[in-house]
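Taking it in order: structure first as structure tokens, then the write-up.
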Amino acid sequence: MTSSLSFWGFRNLKADPGTEKEESSKYLEVLQLYLPENATPDQIRLWIRENIDFSLMKSPMQAMAQIMRHFGRKADGNTVKTILQEIAGQ
């Protein structure tokens, strides 16, 4: 590893080629341990089939709030919207 002083006086560390990718992948592995897993579209569809009664709603989009409340940050709103639009088209 080599270093040089930058304009502001901070050290500019340059990694050896090849070690940067190794360090990056180790960092990502640790980071992924702490991030919540996203719900898959299949998991969302299954939960909708088991828990939502569309006969009580004017539009399938009215289920959006219920679904997002259940999944929280684990479900992407655009994914849920796409699934509900598919259901509306059936």
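The values are calculated or read from the model by the stated rules, or taken from the named source; none is laboratory data. Please read these numbers as outputs of a predicted model, since none were measured by experiment. Note: ideal-geometry Cβ built from the backbone for every residue, glycine included; neighbour counts use all protein chains shown.
Quick notes on this structure:
- Any pair with Cβ under 7 angstrom, 6 or more apart, that starts in the range 39-57 at a residue that is outside the structural domain of ALA75 (by TED's automatic domain parsing) and on the phi > 0 side of the Ramachandran plot and ends at one that is surrounded by 12 or more Cβ atoms within 10 Å (Cβ to Cβ) and outside any helix (DSSP H, G or I): none
- Hey, ALA39 part of a loop (DSSP other than H, G, I, E, B), of a type outside the set (Ser, Thr, Tyr) and surrounded by 12 or more Cβ atoms within 10 Å (Cβ to Cβ) or not: yes
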